[in-house]
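The values are calculated or read from the model by the stated rules, or taken from the named source; none is laboratory data. Values in this document were obtained by computation on a predicted structure and should not be read as measured data. Neighbour counts are summed over all protein chains in view; Cβ atoms, including those assigned to glycine, are modelled from backbone coordinates with ideal geometry. In case anyone asks, the SASA skips ligands and DNA or RNA and just uses the protein heavy atoms, side chains included. Shrake-Rupley method; radii C 1.70, N 1.55, O 1.52, S 1.80 Å.
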Amino acid sequence: MEQYRAVARGKLLPQGYSGYWHLGQLFAFCGLVCIVCIAWLEKVSPIEWLTIPLMLFIGNGYEYALHRYPGHLRSKLFSWFFKSHTGLHHRFYTYDHMKPADSRDWYFTLFPNRVYVSVVVLFAPIACTICSLFLTTNVFLLSMIMAAVNMAVYELFHSFHHCSLPSSLQLLMDALPWAELLRRHHRLHHHPRLMMKKNFNITFPIFDWVVGTLVTSLPSQ
């Protein structure tokens, strides 16, 4: 394992890479999206506030589908994602080796920040068009806020599962009552017998439960 990690670092890790800077850029970008959208909200009605739980549910489903299919199902269209996730992330972090050596190994946990910028750039005009035709400006703004929140929460939880967070933030997450359950949920996904078919949610295993891909222990031999 250490030999593979050393080779991966040598081939892929950018010179001068900082895990703290990477994570900080992500949170700053998501925070900026939220601040701008919050500033434009006006007199949100009770029914418009329902956008928040709806987007949390949709985000959980998107997280599940993106992880299960492009992440673990080889295809020509998303071959780069399959290679990055199944081919690299799951080799760098295995069931028995879930922790990074240091913050530079966060590179193998976090998505490149350009992915999140691209998601917002692509999602914004689609959401704006739908909301302008059928809904309201507030629903659009709340949708953008929740898209940013979902992205930040995804990386927060994924980094937490791999102990790839600044120590103070890691301790804060550790204090949550359901923290160890979620960490075990993701560790089970990294087992070679389970990674292609079980425990695809990274945050809360809602869709794993809905679809029937949730497991809480290793299968018997």
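Sorted by accessible area with a 1.4 angstrom probe, largest first, how do Trp106, Trp21, Trp49 fall?
Order by accessible area, largest first: Trp21, Trp49, Trp106.
If each DSSP helix of 4+ residues adds -39,500 (n - 2.57) and the sum is divided by the residues in the chain, what number results at 222 nm, nearest 500 deg cm²/dmol?
Roughly -19000 deg cm²/dmol at 222 nm, from the helical runs in the chain.
Ordering Phe140, Phe123 by accessible area with a probe of 1.4 Å, largest first, what comes out?
Working: Phe140 40, Phe123 60 Å².
Heavy-atom accessible area, descending, gives Phe123, Phe140.
Identify which of the listed values of Rg/Rh (Cα atoms, Kirkwood Rh) was calculated from the structure shown: [x] 1.07; [y] 0.98; [z] 1.03. From the options [x] 1.07; [y] 0.98; [z] 1.03, the structure gives [y].
Just the number, please: carbon plus sulfur as a percent of the accessible area of the chain, 1.4 Å probe, no ligands or DNA/RNA counted. Spell out each step's value before the answer.
Details: 8610 of 12460 Å².
Reported share for carbon and sulfur atoms: 69 percent.
Tally Lys/Arg at +1 and Asp/Glu at -1 over every other residue whose Cβ is under 13 Å from the Cβ of Met146; what's the total? My count for the surroundings of Met146 gives -2.
In the chain, a dipole from Cβ-located charges (positive for Lys and Arg, negative for Asp and Glu) runs towards its positive end, and of Cys37, Tyr64, Ile130 it is Tyr64 whose Cα lies farthest in that direction.
May I ask you to rank Tyr93, Tyr107, Tyr17, Tyr69 by accessible area, largest first, using a 1.4 Å probe over the protein chains only? Don't skip to the end; give the middle numbers.
Values: Tyr93 0, Tyr107 75, Tyr17 30, Tyr69 105 Å².
Largest accessible area first, the list is Tyr69, Tyr107, Tyr17, Tyr93.
In the Gaussian network model of the chain, springs joining C-alpha atoms below 10 Å, which of Gln170, Gln25, Gln15 carries the largest mean-square fluctuation? In this elastic network of the chain, the residue with the biggest mean-square fluctuation among Gln170, Gln25, Gln15 is Gln15.
With unit charges on the beta carbon (Lys/Arg positive, Asp/Glu negative), name the residue among Val115, Pro14, Phe140 whose Cα is farthest towards the positive pole of the charge dipole of segment 1-158. Towards the positive end, the residue furthest out is Pro14. Applying the criteria of a DSSP loop state and at most 16 other Cβ atoms within 10 Å to the trypsin sites (Lys or Arg not before Pro) of segment 115-196 yields Arg193. Packing here is the average count of other Cβ atoms within 10 Å per residue, and on that basis the peptides 2-9, 81-88, highest first, run 81-88, 2-9.
The lysines within cross-link reach of Lys76, meaning a Cα-to-Cα straight distance under 21 Å and a gap of 8 or more places when in the same chain, are Lys197.
With the chain treated as a Gaussian network of Cα nodes joined by springs under 10 Å, which of Val36, Val139, Val149 yields the largest mean-square fluctuation? Residue with maximal mean-square fluctuation among Val36, Val139, Val149: Val36.
Spacing of the modelled spin labels on Ser75 and Ile38, each 7 Å from Cα toward Cβ, amounts to 3.6 nm.
Residues in the chain average 56 Å² of solvent-accessible surface per residue, probe 1.4 Å, ligands and nucleic acids excluded.
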